[in-house]
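**Q** Encoded as structure tokens, here's the structure I'll be asking about.
Each reported figure results from applying straightforward, stated rules to the coordinates on display, with no laboratory input. From a predicted model like this one, the values you see are computed outputs, not experimental measurements. Don't worry about glycine lacking a Cβ; one is built from the backbone with ideal geometry, like all the others, and counts go over all protein chains shown.
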Amino acid sequence: MLITGENANDLLAFLQSAPIFTFMKHLHCFTLFMLVSTTAVAEQPAALTAWEADRSQVFAAEDVAQDNLLWQVRALVVFGQSPNDPLFLQQMDLLKARVDALAERDVLIITDTDPATPSAWRDTLRPRGFMLALLGKDGRVALRKPSPWDVRELSRSIDKMPLRQQEIRDRRVAE
């Protein structure tokens, strides 16, 4: 059978209506999605790489994008009116005293002490003066406090999170 222009249009219309053609379109889209997803996952942000090397490190708000942290770490964002804000300094002293407890719970500490140039964190969380915000690995705000909190109190709040409880159970099974 010779395929002419008229027959080719009929053949194309037939193939497009066939279930296998629809399946192939979906398979192609899925393959493309997986390729793009795998490429995006392979590139780890610099802040996460630095944090994995030294979990006691503190990051400036402009150096960390919230989207890059999803399902990787819990973000603890400390806002102050300036780097010399007494509440900010008190909070940082409390965090540094027991940074190991935070590292064990996958907490990345982020600071923002410049209200004059709002960071994405400041735009999202909208602090008024000093504020401490804890975000879960899912990116949701789990805790907001207008005064400094001890690491022990923070640890208790984190340990009540469902994902943290799952992490503890998984660690017990692995041991």
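**Q** Skipping prolines and chain starts, which residues have an amide H placed within reach, meaning under 5 Å, of the one on ALA60, given they are 5 or more residues away or on another chain?
**A** THR111
**Q** Sorted by packing (mean other beta-carbon atoms within 10 Å per residue), highest first, where do 157-169, 123-135, 100-112 land? Present the calculation step by step, with values, prior to reporting the outcome.
**A** Values: 157-169: 14.1, 123-135: 17.1, 100-112: 19.5.
Highest to lowest by the protection proxy: 100-112, 123-135, 157-169.
**Q** In µm²/s, what is D for segment 46-174 at 4 °C and 1.567 mPa s, where D = kT/(6 pi eta Rh) by Stokes-Einstein and Rh is the Kirkwood radius from Cα pairs? The partial results should precede the final answer.
**A** On the way: Rh = 14.8 Å.
Answer, rounded: 88 µm²/s.
**Q** Which whole-Hz couplings ³J(HN,Hα) result when phi for each residue of segment 76-93 is put into the Karplus expression 6.51 cos²θ - 1.76 cosθ + 1.60, θ = phi - 60°, listed in order with x for Gly and Pro?
**A** Karplus-based 3J(HN,Hα) across segment 76-93 equals 10, 9, 10, 9, x, 6, 6, x, 9, 4, x, 5, 4, 4, 4, 5, 5, 5 Hz.
**Q** So for segment 46-174, averaging the separation of alpha carbon pairs under 8 Å that are six or more residues apart and normalising by length, what relative contact order in percent results?
**A** Working: 186 pairs, mean separation 39.5, N = 129.
Relative contact order comes out at 31 percent.
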